[in-house]
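Have a look at the structure below before the remarks.
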Amino acid sequence: MKGETLANLIQCGVTLLLGIIALAGALFCNASFHFFTAMACFWLAWVFYTDNEYGIVSVREYFKNRYKKD
């Protein structure tokens, strides 16, 4: 895995974790403004997961090619 793809994987994981924490805060702590934060984090995690611009292999493509059945 190249450095750019690994960086996208790490950033995807971090933003996904922040989104889950924000969603838990919205549901269990009655902080409804965190619904917006959670949705923004989930969207950003999706962008990091599917980012294949500028010659970078996306995380999705990396895993698709790695576990491809012949």
Angle, helix 3-28 long axis vs. longest principal axis of the chain, Cα atoms, 0 to 90°, nearest 10? 20 degrees
Quick check for you: with a 1.4 Å probe and neighbouring chains kept, what is the accessible area per residue of the chain, in Å²? 77 Å²
Whole-percent carbon and sulfur share, accessible surface of the chain, 1.4 Å: 67 percent
Given just the C-alpha atoms of the chain, how large is their convex hull per residue in cubic angstrom? 83 Å³
The chain: longest segment with zero exposed trypsin sites (Lys or Arg not before Pro), where exposed means DSSP loop plus at most 16 other C-beta atoms within 10 Å, is residues 3-67
Please return the longest range in the chain lying between exposed loop sites, taking chymotrypsin sites (Phe, Trp or Tyr not before Pro), DSSP loop only, at most 12 other beta-carbon atoms within 10 Å, and leaving the sites out. 34-66
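The values are calculated or read from the model by the stated rules, or taken from the named source; none is laboratory data. For clarity, every value in this text was computed on a predicted model and none was experimentally measured. No Cβ is skipped: glycine too gets one built from the backbone with ideal geometry, and neighbour counts run over all protein chains shown. Protein only, heavy atoms only, side chains kept; ligands, DNA and RNA dropped before computing areas. Shrake-Rupley method; radii C 1.70, N 1.55, O 1.52, S 1.80 Å.
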